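Asker: I'd like to ask you about the structure that follows.
The values are calculated or read from the model by the stated rules, or taken from the named source; none is laboratory data. No experiment lies behind these values; they were computed from the predicted model shown. Positions of Cβ are generated from backbone atoms using ideal geometry, with glycine treated the same way; all protein chains shown enter the neighbour counts. For accessibility, only protein heavy atoms count, side chains too; no ligands or nucleic acids. Shrake-Rupley method; radii C 1.70, N 1.55, O 1.52, S 1.80 Å.
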Amino acid sequence: MAHSGPRPGLRPAGDLLQFGSSTTGKQLLPSSDQSWFRAVSAPGGEHFPGAEIDVEVYPATDDGRVLATIGHVDAGQRWRRPVQRRLVLGHVDAPDGVEVFALDSRQAYWCLVAAGRGARLLIPRVYQLDAITTGVLWAVANLDLSLLLDDARLDAAQAAASPYRGMARSAASRDITEDLDSVSRLWIGSAFCADYIRSHYDILSDVPIYWTREQRGEEASTWLLFSHKLRYLRETAEQFRSTSQPMTRMFCLPEQAVATSSVPERILLLLAMALMESLGIQTAVTDDPEYIALPGLVLDQRHMIMATWIRADDAWHVDVSDQPHTVAAYRDALGHVQAHSVTADDTPGGRLRHLADYLSLDWHRLQGRCADLGQYGFAGLAEPRSRLLSLDGVNQACRFIGTLP
């Protein structure tokens, strides 16, 4: 059954990125031909610490092309390699309100390096700020900031985790990650669990079922943006590609979690599952909150690999079991989820459309935006600075949605 309540489209843009001045109470967008400098808040969440994105706002025209008028003589110098993430925004007065288009400052710099007063900056229309673009910006800004700040400490934490790699089971206390930001703890827990699962593939005798614990877009954005998770998905999909039985990943998305998630967060959830479907991995969803407590699992007929890092008491908790009663209990639970999935369908497009319906998203509008964004990619809008992040996953998810019938 679809989530009850109004069905929002892809706007407004301010659902996650808060368009307010960091220094005054005035509106961000100018009402004349003046340019403004402000900061956009990318708020925190359960794991995200919160970040600010500097913005330069300029009036723009739309004659089929979005052209922002840059009034500064030193326009190119203003954006030369900024330390802080920065966007150049063009605002267009439209009949139904103001439309805002954005470009990463490093992209703008190359266009304006020799520009003078009155230069005009071409901003691709695809980079209009709406729920999908602000959701990706929100996730990139938060993940990027934390991973950059913790880069050296992450190396130290990985070295401290090395003794655990050869263990059949481990539950590393948070002492190993106590100096890390919450996003960095997610990263190291995710990376460790991925390595652990890969190292135990030899015990699997048939195509496994995966149970994953992400419930909100904040958590699901790690599938789209952590480089190691995309490699892991591709490797696991390739591992069983020659078999006739499809691989399945299952999620628990209770109605309460959906109802309290913003539209951009729900879009991030859908994109994460679209990425999996693009690799031939089928997805299934239960809305039954009783399944929230299930640990992260990889399960075949005779073996269970447990690997939990989201909402875990420890940095991670991994284990392997071939106890018949344990394996049977989890197999029954996951079998019930698969048989009663709220997104059940024979095709990837059908499953994703059912998911969009359950998340109260406008599938047709979302599919059109994804088709355009998949062609351009997000690099001109939300390019990560951290070596641990990549836009390949979110770009692939958008391209896949855009090509569905």
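Asker: Would a scan of region 249-256 turn up a residue that is open to solvent by less than 60 Å² (accessible area, probe 1.4 Å) and out of contact with any Ser or Thr (no Cβ under 9 Å at 6 or more places or on another chain)?
Answerer: no
Asker: Another question, if that's okay. Do you know which residues across region 252-262 are part of a helix (DSSP H, G or I) and in contact with a Leu (Cβ under 7 Å, 6 or more places away or on another chain)?
Answerer: V258
Asker: In region 281-316, which residue that is in contact with a Leu (Cβ under 8 Å, 6 or more places away or on another chain) and in a loop (DSSP other than H, G, I, E, B) is surrounded by the most Cβ atoms within 10 Å (Cβ to Cβ)?
Answerer: Here the residue is W309.
Asker: Among the residues of region 349-366, is there at least one that is at pLDDT 95 or above, in a helix (DSSP H, G or I), closer than 19 Å to L270 by Cα and touching a Gly at 6+ places or on another chain (Cβ under 6 Å)?
Answerer: Yes.
Asker: Of these, S341, S261, S278, which one is over 30 Å from M167 (Cβ atoms), out of contact with any Ser or Thr (no Cβ under 6 Å at 6 or more places or on another chain) and open to solvent by 30 Å² or more (accessible area, probe 1.4 Å)?
Answerer: Just one listed residue meets the conditions, S278.
Asker: Could you look through region 373-391, keep only residues that are open to solvent by less than 40 Å² (accessible area, probe 1.4 Å) and more than 26 Å from D155 (Cα to Cα), and pick out the one that is farthest from the chain's Cα centre (by Cα)?
Answerer: Once the filter is applied, the top-ranked residue is G380.
Asker: Could I ask something else about it? Could you tell me whether E265 is free of Cβ contacts under 8 Å to residues at least 12 places away in the same chain and either acidic (D, E) or assigned to a strand (DSSP E or B) (or both)?
Answerer: Answer is no for this residue.
Asker: Which residues, taken from region 164-184, are within 21 Å of L297 (Cβ to Cβ) and open to solvent by 20 Å² or more (accessible area, probe 1.4 Å)?
Answerer: Residues satisfying the conditions are Y164, R165, M167, A168, R169, A171.
Asker: Given I203, I188, I209, which one is more than 30 Å from T243 (Cβ to Cβ) and either out of contact with any Phe, Trp or Tyr (no Cβ under 6 Å at 6 or more places or on another chain) or touching a residue at least 12 places away in the same chain (Cβ under 8 Å) (or both)?
Answerer: Result of the check over I203, I188, I209: I188.
Asker: Only residues that are open to solvent by less than 20 Å² (accessible area, probe 1.4 Å), more than 16 Å from the chain's Cα centre (by Cα) and of a type in the set (S, T, Y): list them for region 202-240, please.
Answerer: Those that are open to solvent by less than 20 Å² (accessible area, probe 1.4 Å), more than 16 Å from the chain's Cα centre (by Cα) and of a type in the set (S, T, Y): Y210, T236.
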